[in-house]
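Contents: one structure, followed by commentary.
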Amino acid sequence: MVRIEFHRNETNGSIRGFTVCGHAGAGSRGNDIVCAAVSALTQACVLGLQRVLQLPGEAEWRQGWLSCRYDGGGTSPAAGLPVAADSRDADSPDTERREFAAQVLFRTLFVALSDLAATHPQHVQVTWAPPGSTGCGGRTKPEVPHASLDQGE
């Protein structure tokens, strides 16, 4: 089963990221359309955050594991993301627009994966992570990393 946990900011309820772990098991390796749907949706969200919105955060992908964390507001040159000149101030209108756009991406992902879970409940589970969780019900991430999601950078 694929488990997706969404992480919220405890103060304002905004979505700060998600963790995906496991395999759907709805088909043989390479032919599992449920797993492919989860992968495509989650990776599209990560690419939207990184390449389109150019927001600070981290994405880590390993076999059977994807973790995406968005820092919220501000910028992070250390994350290797381009920084727009007018987005250096965490209270700037540009930062507010990008935060809004990030929430649209996360909420759209939540709705899409929830619909997928409703049609494939034996293969997909979507939940809110408990406060302080690092993802996927306490499962530890695999040690062997896969290629970066952001291979074009």
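Here are some notes:
- Charge sum, other residues only, whose C-beta stays under 13 Å from Leu116's C-beta, Lys/Arg counted +1 and Asp/Glu -1: -1
- Hydrodynamic analysis of region 1-72 uses the Kirkwood radius over alpha carbon pairs. Inserted into Stokes-Einstein at 20 °C and 1.002 mPa s, it gives a translational diffusion coefficient of 166 µm²/s.
Bear in mind that the values in this text are calculations on the coordinates, not laboratory data. Treat the numbers as computed from the prediction; the structure is a model and nothing was measured. Please note: Cβ atoms are built from the backbone with ideal geometry, for glycine as well, and neighbour counts cover all protein chains shown.
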